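FYI, it's all coordinate maths here, none of it is from the lab. Keep in mind it's a predicted model, so treat the numbers as computed, not measured. With ideal geometry, Cβ positions are generated from the backbone for all residues, glycine too; neighbour counts draw on all protein chains shown.
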Amino acid sequence: MNRIVTDKDTAAARKVFVKTYGCQMNVYDSQRMADALAAEGYVATEAIEDADLVLLNTCHIREKAAEKVYSELGRIRGIKAEREQAGRETLIGVAGCVAQAEGEEIIRRAPVVDLVIGPQTYHRLPDVVKKARAGAKVVETEYAIEDKFAHLPGQQAKAVRARGVTAFLTVQEGCDKFCTFCVVPYTRGSEVSRPVSQIVDEARRLADAGVREITLLGQNVNAWHGAGPDGREWGLGELLFKLAEVPGVARLRYTTSHPRDMDDALIAAHRDLKALMPYLHLPVQSGSDRILKAMNRKHTAAEYLQLIERIRTAQPDIAMSGDFIVGFPGESDADFADTMTIVREVGYAQAFSFKYSPRPGTPASERGEQVAEAVKNERLQELQALLTKQQHAFAESLVGREIDLLLEKHGRHAGQLIGRSPWLQPVIVDENAGGIGDIVPVRITRTGANSLFAEGV
Ligand code: 5AD
Ligand code: SF4
């Protein structure tokens with residue numbers, strides 16, 4: 001910083017630009033960080049050139065994610081230099097899982113960075129920014145003992161800003177599963193569940209701000225547990241029933257789940273709770289028992305299929321979604337064929353598939369038998385072709401059907417509204433169908449490339 005900050009400067013609204021990479025939990029965290037900074041006088045901007053503070057909320061789950069951050073920092077270096085030449089303060093911060101994993105290394109590799117803050121310490125962000133404004137390079141990646149959620153603005157009525165009719169709500173963070181390919185247990189720490197009262201309060205505030213659909217988030221969301229007001233230990237199933245009672249909340253979802261944590265109460269919620277949408281993201285990663293064991297997933301392919309059978313018995317309308325990894329160390333042609341088989345057996349409405357990417361510090365990255373890049377590419381293509389076919393088949397199966405649509409926003413073309421189906425698909429309807437925030441019955445008329453078209457009924 002090459003100028004003196006005056007009282008006048010501090011009083012004027014400073015601008016923060018937040019760029020989010022990775023999962024929905026990062027989206028949630030970015031919003032809470034923006035809320036925390038709003039209390040310090042920062043307003044959000046969409047234009048990076050105008051920002052006094054640039055925050056990259058990063059993801060470390062696969063290789064390219066971190067590389068993208070470093071190349072973005074290279075680009076930002078130019079913007080910062082230009083702004084500072086004009087005498088404008090410009091702080092650069094890296095948050096999220098790359099911040100947690102790399103710590104000080106980020107500042108060594110990208111000296112343009114002023115502050116590095118890990119996901120467990122976001123409630124300290126205003127303080128960290130103050131120190132950075134005073135000229136210090138700040139790295140804050142210790143696991144905080146205090147409860148970050150209790151200190152983040154989600155807890156203060158006026159701080160919750162309505163950002164639409166759907167919202168995320170983090171109920172659980174961290175993971176104790178230690179799948180051998182995954183960095184999450186290291187970057188997000190061990191499993192922590194937020195208390196029921198905190199979650200219900202936040203849901204109430206969201207509903208008061210106009211939110212109709214809430215997606216509960218957690219790295220292992222169905223491992224959520226807590227003391228219920230009835231004195232019993234609650235699981236996610238019980239929590240969902242409680243949240244459905246919050247006035248204004250019409251729809252509930254949760255993500256991401258681990259097959260080992262789908263208990264009876266949660267399956268019962270899919271059967272009995274109308275507000276719980278018939279859509280389940282339940283990653284299996286591989287269809288081969290040998291690979292599942294090497295991944296430390298703690299279940300077999302047959303157990304996963306039996307579980308889906310039970311869930312479909314409870315809620316026949318449920319659409320399945322999943323995650324897959326191809327080219328895990330030691331994956332043979334036969335193992336990959338097992339993955340293709342399980343995909344055929346389940347039939348997914350939606351899925352995400354990835355090439356295995358060795359993550360530093362994880363057990364799988366140290367194994368021999370790494371699969372050649374060309375083989376990974378081939379397998380990924382084959383798997384994605386099948387998953388795309390299934391996704392289209394699912395969309396086609398809805399044509400002619402009457403469904404409930406939550407109207408979310410205006411479409412790209414005048415006269416159109418975009419809503420969300422119970423199965424998370426974007427659906428385009430005529431604006432006469434209703435108002436934003438309404439849930440209206442519509443009939444699906446045809447499928448588009450990534451959306452459905454419908455008419456009011
Ligand atoms: N390589 C490839 N994919 C991974 N995932 C997690 N770690 C890795 C990795 N090292 C995928 C898993 C997980 C999703 C969020 O990302 O499929 O479910
Ligand atoms: Fe990673 Fe496995 Fe935990 Fe999911 S369950 S976050 S894949 S370690």
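Rg ratio for segment 389-457: its Cα radius of gyration over 2.2 N^0.38 Å, N being its residue count, equals 0.99.
Treating each Cα of the chain as an identical point scatterer and ignoring solvent, apply the Debye formula and state log10 I(q)/I(0) at q = 0.06, 0.08, 0.09 Å⁻¹. Debye output, listed in q order: -0.28, -0.51, -0.65. For segment 324-341, 3J(HN,Hα) computed residue by residue from phi via the Karplus equation (6.51, -1.76, 1.60; θ = phi - 60°) reads 9, 10, 10, x, 4, x, x, 5, 8, 4, 5, 4, 5, 4, 5, 5, 4, 5 Hz, glycine and proline entered as x. Here the label points at residue 274 and residue 84, each 7 Å from Cα along the C-beta direction, are separated by 6.0 nm in the simple model. Prolate is the label for segment 167-264, because the ratio a/c of its alpha-carbon gyration tensor axes (a ≥ b ≥ c) is 1.5 or higher and a/b is greater than b/c.
Straight-line cross-link partners of residue 298 among the lysines, defined as a Cα under 22 Å from its Cα and at least 8 positions apart when in the same chain: 177, 355.
Take residue 293 and residue 245, extend 7 Å from each Cα along the Cα→Cβ direction, and tell me the distance between the two endpoints in nm. Each label point is offset 7 Å from its Cα along the Cβ direction, giving 4.7 nm.
By the rule of a C-alpha distance below 28 Å, with chain neighbours fewer than 8 residues away ignored, the lysines paired with residue 80 are 8, 15, 19, 64, 68, 130, 131, 137. Run through the DSSP bridge list for the chain and note the antiparallel percent, rounded to the nearest 5. Bridges in the chain are about 35 percent antiparallel.
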